[in-house]
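The values are calculated or read from the model by the stated rules, or taken from the named source; none is laboratory data. As the structure is a prediction and not an experimental result, all values here were calculated from the model. A quick note on method: Cβ atoms are made from the backbone with ideal geometry, for glycine too, and the neighbour counts reach across all protein chains shown.
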Amino acid sequence: MKSPQIFKIIIIALVFALVGYFAAGLFNANAVHVSLSLFIGALIAPLLSTTSSASETSTELGEVKTLYVGNLPYRANEAAVRHLFSEHGTVHSVRLMKDKHTGKRRGFGFVEMAAADSDKAIDALNDQEFQQRTLKVREAKERPERSDDNQS
């Protein structure tokens with residue numbers, strides 16, 4: 001879990017503790033014990049729920065492969081590409097790349113699909129026409145790590 005998420009969890013837990021402290025004081029309960037219980041509960045609950053949901057998600061979704069999709073029409077959007085690929089299997093995400101400076105699409109993107117469906121999608125869509133362009137679909141290669149020495 002990333003540290004900004006932990007920071008948010010701690011802030012939420014403190015808010016719960018303060019609310020519990022003041023609420024317990026209004027009802028003549030032991031405010032310190034109530035606020036401490038709420039603080040610990042609010043601190044632990046998100047940690048427990050994220051671990052269980054992450055394991056459930058990985059077993060539900062199974063393996064995921066990323067496909068490179070090249071020669072995309074510049075007018076194509078994520079919804080159109082998702083629809084095209086969903087005809088051949090389960091699509092998890094679609095990312096169409098844009099130029100940093102202009103914000104215009106660059107004509108390629110990536111589709112994350114269930115690994116069981118990826119080969120079928122590649123076979124069906126590679127060298128096929130989509131919005132008057134011939135698509136190039138293949139399994140994406142891992143991007144090598146960039147070191148600080150290579151950056152200008």
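Observations on the model:
- Pairs meeting the criteria (first residue in segment 113-140 and more than 10 Å from Phe85 (Cα to Cα), second residue of a type in the set (Val, Ile, Thr) and part of a helix (DSSP H, G or I), beta carbons under 9 Å, at least 6 apart or on different chains) are Phe130/Val81; Val137/Ile122; Arg138/Ile122; Glu139/Ile122.
- Residue match in segment 82-102 (condition: in the same structural domain as Leu135 (by TED's automatic domain parsing), of a type in the set (Val, Ile, Thr) and within 16 Å of Arg133 (Cβ to Cβ)): no
- Residue in segment 87-103 that is touching a residue at least 40 places away in the same chain (Cβ under 8 Å) and either in contact with a helix residue (DSSP H, G or I) (Cβ under 9 Å, 6 or more places away or on another chain) or closer than 18 Å to Ala124 by Cα (or both) present: no
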